[in-house]
1. Yes or no: the range 53-66 includes at least one residue that is more than 29 Å from His265 (Cβ to Cβ) and exposed (fewer than 14 other Cβ atoms within 10 Å of the Cβ).
2. Name the residues in the range 252-276 that are assigned to a loop (DSSP other than H, G, I, E, B) and under 23 Å from Ala181 (Cβ atoms), would you?
3. Within the range 146-156, can one find any residue that is crowded, with 24+ Cβ neighbours inside 10 Å and modelled with pLDDT of 95 or more?
4. What number goes with the only condition from (1) among the β-branched types (Val, Ile, Thr); (2) surrounded by fewer than 21 Cβ atoms within 10 Å (Cβ to Cβ); (3) within 20 Å of Leu305 (Cα to Cα) that Val97 does not pass?
5. Select from the range 177-202 the residues that are touching an Asp or Glu at 6+ places or on another chain (Cβ under 6 Å) and of a type in the set (Ser, Thr, Tyr) and list them in ascending order.
6. Hey, can you tell me all the residues within the range 215-251 that are of a type in the set (A, V, I, L, M, F, W, C) and part of a strand (DSSP E or B)?
7. Could you list all residues from the range 177-208 that are in contact with a helix residue (DSSP H, G or I) (Cβ under 6 Å, 6 or more places away or on another chain) and of a type in the set (Lys, Arg)?
8. Pick out the one residue from Leu28, Leu78, Leu85 that is crowded, with 16+ Cβ neighbours inside 10 Å, free of Cβ contacts under 8 Å to residues at least 40 places away in the same chain and in contact with a helix residue (DSSP H, G or I) (Cβ under 6 Å, 6 or more places away or on another chain).
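The values are calculated or read from the model by the stated rules, or taken from the named source; none is laboratory data. Remember, predicted model here, so these are calculated numbers, not experimental data. For neighbour counting, all protein chains shown are included, and Cβ atoms are generated from backbone atoms with ideal geometry for every residue, glycine included.
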Amino acid sequence: MIAPVISLVGRDFIDVADLKRTDLRRILDLAHEIKAGRWTERPLAGRHVAMLFQRPSHRTRVSFEVGIARLGGSTTTLTGQDVQLGFRESVADAARVLDQYVDGVVARLRAHEDLLQLARSSEKPVINALTDRSHPCQVLADLMTMEEVGGDLARQHVVFIGDGNNIANSLIEASAVAGFALTVITPPGYDPQPGVVDRARSIESGNFRVTLTNNISFDEATVIYTDVWASMGQEDERAVRHKVFGAYRVDQALMEAAPRAIFMHCLPAHRGEEVTDEVIDGPRSVVFQQAGNRLYAQMALMAGLFAT
C-alpha cells in the first residue's frame, strides 16, 4: 500500500509550485495505484466538500464529484450565481461561512487573486480547480499520462504551442518541480506571465529546463501539447487571436517533425483551429487518456490533503 501524502494534510493546493518534488512523486505514485485498483482507502468518509464554480465545467466538475464520492465524501456544488463573490458578499466572508459547513473547497474561479483571498480566509483546504493564472490539477493528470506513456519524466521533452495561458503557466512550474524539459512556443505578445517564470526559476530543485520562444522550432520532443487560442473570458478576442495564432496550429506536418511525440490537449478542443482532426483523432493522441486521468490524479491529491 502506498502511504498517503502526509506532508499535504490540511494544506491548500493553489499551484504546482506549491509542491516539493517528493510531494509530487507521492501524488503520482498514489494516482497510479488508485487507477490500478491497488488502493481503495476512503479518507473522505464523513466529510463534505464545497464545489465553488464561477465558470462552466465538464471534466473538472465530474472528475472531482466522482473522485470525492469514491473517497467516501459528499459534495455541494455552487455556481457563480449562487455565491456571487465580490458582489453579493466578499470573498473573505464567503470563505468564513463555508468554513462553518464543509471540510474543504474546490474552487474554479475567474481571478487568481480571488482564489488566493479565499485560501487566506479559509481554515479548510482550498484546491485550485482553475483560474486565469493556473490549472494545476489538469497538469497533475498530464504528468501521470506522460509517465504511463513515456516513463521517467526527467527524460521527457514537452513542447507546448499556443497561448501562454494558465496551462502553459502550470507546465512551467511542473517542469521546474519534476525536472522535464519544456519548450513554450507562443506568438509575440502572448508569452507566459513573467512572475510564473521567475517563481519556477527559484524552485529549490534547481531544475529549470524551460525555453520560451516565438519560433516554431524545437529539438526532438516526446510530447506536443496545445490548448485553445481563446480561453474562457477571452471570447471577444477570438477573431483577432484566430489571425495571430493561425501559424501555430498543430497539424500532421508539425507532428511529423516530432516522430516520437504523443499529442496532448487539456480539452475542450476547437477542432480546425489549434489542432486538426487528423492529429487529435490520430494514433499518437492521448487526449482522452489524459482526461480520464484527471479522476485519479485528483483523488490522490485529495487523499493527501484529507488524510487522517
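1. no
2. Ala257, Ala258, Pro259, Arg260, Ala261, Cys266, Glu274, listed by residue number.
3. yes
4. If we test Val97 against (1) among the β-branched types (Val, Ile, Thr); (2) surrounded by fewer than 21 Cβ atoms within 10 Å (Cβ to Cβ); (3) within 20 Å of Leu305 (Cα to Cα), just (3) comes out false.
5. Correct list: Tyr190 only.
6. Of everything in the range 215-251, those that are of a type in the set (A, V, I, L, M, F, W, C) and part of a strand (DSSP E or B) turn out to be Val223, Ile224, Val250.
7. If the condition is that a residue be in contact with a helix residue (DSSP H, G or I) (Cβ under 6 Å, 6 or more places away or on another chain) and of a type in the set (Lys, Arg), then Arg199 is the only one that fits.
8. Of Leu28, Leu78, Leu85, the one residue that is crowded, with 16+ Cβ neighbours inside 10 Å, free of Cβ contacts under 8 Å to residues at least 40 places away in the same chain and in contact with a helix residue (DSSP H, G or I) (Cβ under 6 Å, 6 or more places away or on another chain) is Leu85.
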